[in-house]
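Q: Have a look at this one.
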Amino acid sequence: INMFIQTETTPNPASVKFLPGRVVMEKGTADFRSVEAAKNSLLAQNLFKIEGVEGVFFGSDFISITKSKGIDWQVLKPSVLGIIVDNYESGTPIMNKVESSEDNATSAEDSAIVVQIKELLDTRVRPAVAMDGGDITFSDYKDGIVFLHMQGACSGCPSSTATLKAGIENMLKHYLPEVQGVEPVMD
């Protein structure tokens, strides 16, 4: 298999987006913060074996890697690229069993406002943050406050708070006057 993987920087200096030019996740996303959390993905486990890898995030067509401080991307990139290529060449599935974080799928018990919040996140927010190598998923809605999970490059990104407050909060308030604020949920 001849593969050319592109890399893109993200607003988070500790995260880089790797684009294999193929589907990574058919649906949903997967966010791993430790090798233990990566038990359902051989690719993620192998990426965590590289010294300095602190986070692995799978989007629809990209893989975001978050590194620890003190490790240089020039040192890290060749190892990450090698493992991604090996995984695709071996034909190993990205995820062992289908267990994607489809928390954003609406369920019967969602209130009308929660359905609207999820719809706005799916159409307006998630495509934009995916461009930056991350994802934002709905966690909860209580007393006018929307709680969101920051994943991939968004997690721990210096500008993610600004994104939440300025961008997402203003947009949700504009469409849904019931919304009073947006807060991140830390895992």
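The values are calculated or read from the model by the stated rules, or taken from the named source; none is laboratory data. These numbers come from a predicted model, not from an experiment. Cβ placement follows ideal geometry from the backbone for every residue including glycine, while neighbour counts extend to all protein chains displayed. The protein model used for the area step is the full one, side chains on, heavy atoms only, and it has no ligands, DNA or RNA in it. Shrake-Rupley method; radii C 1.70, N 1.55, O 1.52, S 1.80 Å.
Q: Limited to the stretch 152-178, what total is found for residues that are closer than 16 Å to Thr137 by Cα and either in a helix (DSSP H, G or I) or in contact with a Gly (Cβ under 6 Å, 6 or more places away or on another chain) (or both)?
A: Going through the stretch 152-178 one residue at a time, the tally reaches 13.
Q: Within the stretch 116-151, track down each residue that is open to solvent by 60 Å² or more (accessible area, probe 1.4 Å), part of a helix (DSSP H, G or I) and not hydroxyl-bearing (Ser, Thr, Tyr).
A: Gln116, Glu119, Asp122, Arg124, Pro127, Met131
Q: Do we find that Ile71 is surrounded by 22 or more Cβ atoms within 10 Å (Cβ to Cβ), of a type in the set (Val, Ile, Thr) and either touching a Leu at 6+ places or on another chain (Cβ under 8 Å) or touching a residue at least 12 places away in the same chain (Cβ under 8 Å) (or both) in this structure?
A: So Ile71 fails the test.
Q: Pull up the stretch 101-118, narrow it to residues that are at pLDDT below 60 and in contact with a strand residue (DSSP E or B) (Cβ under 7 Å, 6 or more places away or on another chain), then point me to the one that is nearest to Val179 (Cα to Cα).
A: Filtering first and then ranking leaves Asn104.
Q: May I pose another question? Going by the structure shown, is Leu172 over 16 Å from Asn12 (Cα atoms) and touching a residue at least 60 places away in the same chain (Cβ under 8 Å)?
A: no
Q: Collect the residues in the stretch 27-51 that are part of a helix (DSSP H, G or I), open to solvent by 10 Å² or more (accessible area, probe 1.4 Å) and closer than 15 Å to Lys67 by Cβ, keeping them in residue-number order.
A: Phe48
Q: Search the stretch 1-26 for residues being of a type outside the set (A, V, I, L, M), farther than 11 Å from Asp61 by Cβ and outside any loop (DSSP other than H, G, I, E, B), and hand back the single one that is most open to solvent (accessible area, probe 1.4 Å).
A: Going through the qualifying residues, I end up with Thr9.
Q: Check Gly152, Gly181 and return the single one that is out of contact with any His (no Cβ under 7 Å at 6 or more places or on another chain), over 18 Å from Val115 (Cα atoms) and either among the small types (Gly, Ala, Ser) or free of Cβ contacts under 8 Å to residues at least 60 places away in the same chain (or both).
A: Gly152
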